[in-house]
Structure formats: C-alpha cells, structure tokens
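Nothing in this text is a laboratory measurement; each read-out follows from the coordinates by a stated rule. Every value quoted in this text rests on a predicted model; they were computed, and no experiment measured them. As a convention, Cβ positions derive from the backbone with ideal geometry for all residues, glycine included, and neighbour counts pool all protein chains shown.
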Amino acid sequence: MQNEKMSTDVQKRPQWIVAAVVAAHAAFLISMAIWLWSREHYQFFPLVLMGSGLLAWLRLADTKWNHAPVLTVRVVGLGMLSVAVFAVAVWFNSNWIGSIGAIISLWTAIRYVGGPAIARRLRGPVAFLFLAIPLPLNLDLTLVIELQKLATRLASNMLDDRRIWHTVSGVAITTLDRNFMVEEACSGVHSLFSCVTAVAFFCVFQRYGLFRSLLVLLFSMGWVVLANVFRVFLVVYANAAWQQNLDTGWRHDLLGIGTYVGALICSLSTAQLLEFFVPVVWGKLSDSPTGKGKPGDQYYGGENDPTVRQKIRQFLDRPRLDEAGSGRIVNGTLALCMLPLCVLSLYQLLPSASAGTGGAAFQTSVLESVTESSTPAKYGQWKRTAVDKVERSADDPLGTNSVVYTYEGNGMLAQFSVDGYYGEWHDLAYCYTALDWKLNEARNVTLDGNHGTVLDLYKESGENAVSWFSCFDGQHTSVEPPDPSGSTLRTLLNRFRQEQSSQSITPPVYQCQLMVASEGELLPHELDQAKELFVELTRAAVSDMRKGVK
C-alpha cells in the first residue's frame, strides 16, 4: 500500500516542472506563433502541435508513469544546453532560437520526469514539433522559389509536347494572350510544407527510423512537385486550348484540393510500398505502433544487452543523486536561470506588443493607398507611359500587391513600383531570383536621407539591370536593411540582427523600388539619372502614403 501511494505521488509531483519549463519560453513561442500565422505556407503549424499531442497521448495511453525524477549525466547535459540556448535566444532576441530552445527544454524535462522509458516513447512526438520551426536563413523562401522554377520548366516541357506556344522567364509563363506567374497559375508549391508534415506524422505514428523517415519524406517532396507541375500545365493549357480559367473561383479551389490529395496519397502509398519490400524491424514489442507486433516481426536487444551502445546508455542514464537532491538542484536552476531569462524575454516582447501588427492598414491592400497620381506624370526627361496594378497571394515573395509605374526617358525604360505589405524589411533580391535574374552585388546606400539598397543584376542571356529600393514602416520611416550577405555565417548573423532590431519597426512595411534594365552595362550618367528618378518618385509616393495610411 505504501509503495502504491509513493508511485502515485511520483506520478503527480513533478508534472508541474514540464509545464513551468514550457511556460518560461512563452514570449518566444507567442511571437513565433504570430510570425508563422502571418505566412500562408506555415499556417498549418497548429496541426503540428495537435499532432504531437495526439502522438504523445497514444504512446502514453497504457504507460505507468512511476519513474522517480533524478539527475543523470544525460539530463544534466541537456539541461545545460537548454539554458545556454535560452540565454542565446534572449541575447539576440531571436524567436527562432527561442522556439528551438523551448523544444530542447521540453525534451530535458521529459527525460528528467519520465526517465529513459518515457523518453523513448516520446522521442518521435517531440521531434515532430520541429516541423513548426521555420527554415533558417530564408531557406523556406529560397526553396519555394526554386521549386516554382522547377515546376515552370517541367510544365513548359509538357506544354511543348501539346504544341502550346509560350515563353518562360523564371517563374513566369507567357502565352499568346496572357502572362502567368507560377504562383498565380496555382503552382501550389506552398502545399509542400503541409504535405511533408502530414507524411511526417504518418512516419512517427508508424515508428519509422530516421533513415526510412527521411527517405519517405524525400519521395513525398517529389510527389508534391510532380503534382504541381501537372497543376501548372493544366491551368495554362486550359486557358490556351479551351479558354477556361482554372486560376480563380471554385475550379481553382477544386484543382488545388485534388492535386494536394493526390500528392498525399502517392506519398503514403510509396511509404507502404517501401515497407512491403523492406519490413520495419522494432527493437521491442512495445515499440510497434500497436504494441502487439505482427507475425514474423524480428525483435532485438534488451535492457541487459552487453553492447558498447548499451553500456554508454547505462552510463548516461544512471542516477547520480537521489530524488530529493535532484529536486533541489532542478528547482534552483529554474529559479536562478530560467526565471530571469523568462522575465527578460517577456520584457523584450512588450515593445513589439505595444507597436501592434499594423491594425486595419496591414490587412488592406496597398492598391487602396496608392493611385495613379501618387507619382508625377513627368519628371525632367522622364515621362510616365503606363500604370499597372498587380494583386498576388498573401505571402507571395514578390509582395502581396504592387502598383507599377513605367517611365521612359533619356533612352531608357524604367519601372517604379510600390509593393507590400510586409511584416518586416523585404529582401528584394529573392524576388529577382524568381524572375531568373542573378545577383552580382548588393550594397546599402543612403538615398535622400533614407536607408536604401542597390542590386546589380544580370542574366545568362547577357542582360544587365540595376534596382534601387527602400522599405518604409507604418510610421513611414525607412527601415534599416541588414548588411549585404557574403557568406552563410554572415547571413545567419544578419538574420539575428534583423530580429533584434525589428522591435523598432511598426508594421505594415511597404517598399518603393525602381529597376532599369539594359542589353549592355549601364553607363555612369545613366545610373545617376535613374537614381535621381528613384529618389523623386519615392519622395512623392511616400508623401501620398502618409495621406492614405493612418
């Protein structure tokens, strides 16, 4: 009876530690959730949290939690790592690092509270949480653009087979009477993230190993790309051959659902086919998804298996202190390390919370704030010849919406645009890479007292272009850009620095840019004339935005 009571106490007593450790990272988790929700291709992240919870519940449904929480070498090492990552996140004020730190801290708490047996069961559900962490260094944006380019090229080959006249430039497909951007032509590449998450859930549920899971996820990425190649082809072909628009309305939604479901079914079928040829082998009967195993399953290893790996595990997981001593050290760490870091992170969250998210202005279109008269019809030798308005999806890398002004003069053609809205400073170089331009050099400059960036661009066909752009926040103050990236490490530091300085930015952020392209290299006097035009048009557009956005 006494042992049963002690077991019950052990089950209930340390549970608050897990909740306290996660709550300590609340500032970073809240900020990351807001950031993810503002990106369309990451809005599935609540399903990741629910999926992880469901997997954990299934794994623990028949588990007796009777482990006495004690410190081991593994727990101490993980604890030191979690505190260090939390401190780095606070230092850089980085939601990305803070979210990773929260997962590490959660895993440490599980190891401490549940011991090796519980940790082994929850390893997959905890790892599944990393799918809610965005890729660093804007790799998600780079991946989307590269997959859109791949979908464009493959869809173009299919159109060639069907003898549909068209031209391709980056992620744009132009037919005789219409221009399709791949995103507008329903590339659906953003479905990659949610599809991979669904397949990863299946892999964790089936208790696949790391190598098998990565292989299945790689196949799923291929199926998503192929499904969206067919999607792009069908949209363009239907418009050119049948005069049917599949890029808007219920047809657009139905096509999107169909290609997504098709890619998901093909991915899961591939996983089952792989399992047929290479059956899954579980280390223990309880490690199988059902806990019962199947006829012919092989099981290996036990707690007393005298292997080197097992001896290392025993060294790492051997209790070093009793429960009372371990509890005092853990409580002291929470009070002296985690609590101050939690307070600092919450303090840093206050400026961004008071700044808000831009209110209604962030939800409205830049098209409502910028008109044809926002820029002068004529400036010096430059004359405005066209004004175009472009609407895009909420997280399109080219910007949600754009108002494009075309000017001719001094023997050149220049395009000036007001783009937005964004939640932060916008790296225009990614947009141009989506249009098949390559970046030769990027440098930051001061233009009319505002922060600005100049991009030197080129194409393999021999074309050259120069683009000037500046970003302005909700207070119409120019946003300071990070230093131009020259290496992966520098890009990483710039990303952290950008997060650290983003507290002073009041969204929404809009962008003014001017681009001049030429078959050859632009001469110095031509560059000066184009830069002068950019400064004048930016001054006029920002002045008009001050009247339109309150």
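Between Ser543 and His252, take the C-beta separation as r, use R0 = 51 Å, and let me know the FRET efficiency to the nearest 0.05. Please list the in-between numbers first.
Details: r = 38 Å, r/R0 = 0.74.
Working from the Cβ atoms, E equals 0.85.
Give me the number: length gained by fully extending Leu273 to Glu526, i.e. 0.36 nm times residue separation minus the C-alpha to C-alpha distance, one decimal in nm.
85.0 nm
Which order do the peptides 99-109, 263-273 take when ranked by the mean count of other beta-carbon atoms within 10 Å per residue, highest first? Could you put the intermediate results ahead of the total?
On the way: 99-109: 23.0, 263-273: 17.3.
Packing proxy ranking, top to bottom: 99-109, 263-273.
Can you tell me which of 507-515, 27-35 comes out highest on packing, and rank the rest after it, using the mean Cβ neighbours within 10 Å?
On the way: 507-515: 24.7, 27-35: 20.3.
Listed from highest to lowest mean packing, they are 507-515, 27-35.
Packing-wise, with mean Cβ within 10 Å as the measure, how do 463-472, 407-416 rank, highest first?
Values: 463-472: 22.0, 407-416: 17.8.
Output ranking for 463-472, 407-416: 463-472, 407-416.
Kindly identify region 203-253 as rounded, prolate or oblate by the Cα gyration tensor criterion: order the square roots of the eigenvalues as a ≥ b ≥ c, call it rounded if a/c is under 1.5, otherwise compare a/b with b/c, prolate if a/b is larger, else oblate.
Working: a/c = 7.44, a/b = 3.07, b/c = 2.42.
Note, shape of region 203-253 comes out prolate.
Determine the shape class of region 47-122: with a ≥ b ≥ c the square roots of the Cα gyration tensor eigenvalues, call it rounded for a/c under 1.5, and otherwise prolate if a/b is greater than b/c, oblate otherwise.
Numbers: a/c = 4.02, a/b = 1.38, b/c = 2.91.
Oblate shape, in that a/c is at least 1.5 and b/c is the bigger or equal ratio.
Could you give the nm distance between label points at Met158 and Arg178, where each point is 7 Å from its Cα heading toward the beta carbon?
1.6
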